[in-house]
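Any read-out appearing in this document is the output of simple, stated calculations on the displayed coordinates, not a laboratory observation. Predicted, not measured: the structure shown is a model, and the values here were computed from it. With ideal geometry, Cβ positions are generated from the backbone for all residues, glycine too; neighbour counts draw on all protein chains shown.
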Amino acid sequence: MDQKTVTLSPSAAARVAAIATKQGKPAILRLAVEGGGCSGFQYRFGLADAPEADDSIAETDGVKLVVDSMSLDLVQGCVVDFVESLGGAAFRVENPNAAAGCGCGSSFSV
């Protein structure tokens, strides 16, 4: 995956590595976009066992971020970050393609 396409921040990479170690899985985070949420599309995160044939792959500190070809069109240029605050901790997607988003940050529209 081209560096300008999708990026995994160092804090997100560290969190994925910690979760993967705890679950005994490879440090591979899958980002997908599906219909739904309050703004039309929503992000879905999960650990993957391995990249699939049509995946684009970005790597930060030994942790891989994989995105399928359908989702890539909607998240191209984004940064996946991990943010901790008083309200909780979550993965956040800073998506330059999103025309609008919801307050929780988990859905968007283009």
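Placing R0 at 22 angstrom, the Cβ-Cβ distance between residue 25 and residue 57 gives a FRET efficiency of 0.85 after rounding to 0.05. The per residue volume of the convex hull around the alpha-carbon atoms of the range 10-86 is 113 Å³.
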